[in-house]
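Computed from the coordinates by the stated procedures, all read-outs in this text should not be read as laboratory data. As the structure is a computational prediction, the values presented were derived from the model and not from experiment. Quick reminder, even Gly has a Cβ in these numbers, built from the backbone with ideal geometry, and neighbours come from all protein chains shown.
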Amino acid sequence: QRLKAAVHYTVGCLCQEVEEDKDVQFSKQTIAAISEITFRQCEIFAKDLEMFARHAKRTTVNTEDVKLLARRSNSLLKYITQKSEELASSNMEQKDKKKKKSSAAKGGITPGEQEAAVTENEDSNM
């Protein structure tokens, strides 16, 4: 019920932005109808994502499932793919930094010295 209320609130905010931007008006009934449709569509998406993961014999939904769901909208698929790649590269960078810190700790270098070495390394890469 709280989730449904949150969807209704968000739809109301979005409609208000459109009203200001496009100089149109939305009735309360229209906002309620858009909210209900949005909520039902999200339920369908959730079930589809669950089924995609189950079909792949997984219990966790991953980005490939989301991409499969968005396949009919080229712009949405492109956006999801781009964000997915950005997150993956960001995660790789964080893992590399953790590896450098842990290997430095094993080598007896203090965290301050390690940070200076990382900064120096990053500067030389520019």
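Could you give the nm distance between label points at Lys47 and Ala33, where each point is 7 Å from its Cα heading toward the beta carbon?
Between Lys47 and Ala33, the simple spin-label model gives 2.3 nm.
Which percent of Cα-Cα pairs in region 1-58 sits in each 10 Å bin, short to long?
Taking every Cα pair in region 1-58, the percentages come to 22, 37, 23, 13, 4.
If packing is taken as the mean number of other Cβ atoms within 10 Å per residue, what is the order of 4-16, 84-96, highest first?
Peptide ranking by packing, descending: 4-16, 84-96.
Roughly how many debye, to the nearest 20, is the charge dipole of region 1-58 about its Cα centre, given +1 on each Lys and Arg Cβ, -1 on each Asp and Glu Cβ, and no other charges?
600
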